[in-house]
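This report refers to the structure that appears directly beneath it.
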Amino acid sequence: MSRHLLVPLDDSPLSKQALEFALEEYEDVSIVALHVLDPTDPGYSSATEVDVRNEPRHGSDEWYERAGEEEERIFDDARELAADSDVTLETERAVGEPAREIVDYAEDHEVDQIVMGSHGRTGVTRLLIGSVAEMVVRRSPVTVTVVRGDTEQ
């Protein structure tokens, strides 16, 4: 029986590593790559450097259009990574607070496991910024595999 994995993508190197991990480690799976557009994040919910002084006004139609373009690029990259595997890759999008949207997706769909990256933030940085991965681990109705990086940001 095929397993159904959810891999949240935000264009960070660690979310890409999480997708690579899922593609390499699991057989007979289908993967949903989920991108969550966080409307409170002026950087399009991606790791791409965005100079907000030169970008469309946050929340404007132009901002959402640019965010959609970034999202399509993220999905194209995911499809390219999955092209050489026997894995079925679907893409899904959501708008909202990333941790909540990831958990809600897992609850509302037949997801068996979440595989996601974590930036490995510690101490004050983690307290100030929060950790999407940590919130997902605490709230998820299914097993969560966290692919960790050791970069302080």
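Things to note:
- Only one of the numbered conditions (1) modelled with pLDDT under 95; (2) more than 16 Å from Asp10 (Cα to Cα); (3) of a type in the set (Ser, Thr, Tyr) is not met by Ser140, and that is (1).
- Selected residue (only one of Glu72, Glu92 is within 23 Å of Val29 (Cβ to Cβ) and either part of a loop (DSSP other than H, G, I, E, B) or at pLDDT 95 or above (or both)): Glu92
- When the range 83-94 is limited to residues that are in contact with a Ser or Thr (Cβ under 9 Å, 6 or more places away or on another chain) and within 18 Å of Glu71 (Cβ to Cβ), the one that is surrounded by the most Cβ atoms within 10 Å (Cβ to Cβ) turns out to be Leu89.
- Every residue from the range 1-29 that is modelled with pLDDT under 95 and part of a strand (DSSP E or B): Arg3, Val29
- Exclusive hit being of a type outside the set (A, V, I, L, M) and modelled with pLDDT of 95 or more, set Glu107, Glu55, Glu62: Glu107
The values are calculated or read from the model by the stated rules, or taken from the named source; none is laboratory data. Just so you know, these numbers come straight off a predicted model, no measurement behind them. Backbone-built Cβ (ideal geometry, glycine too); neighbour counts: all protein chains shown.
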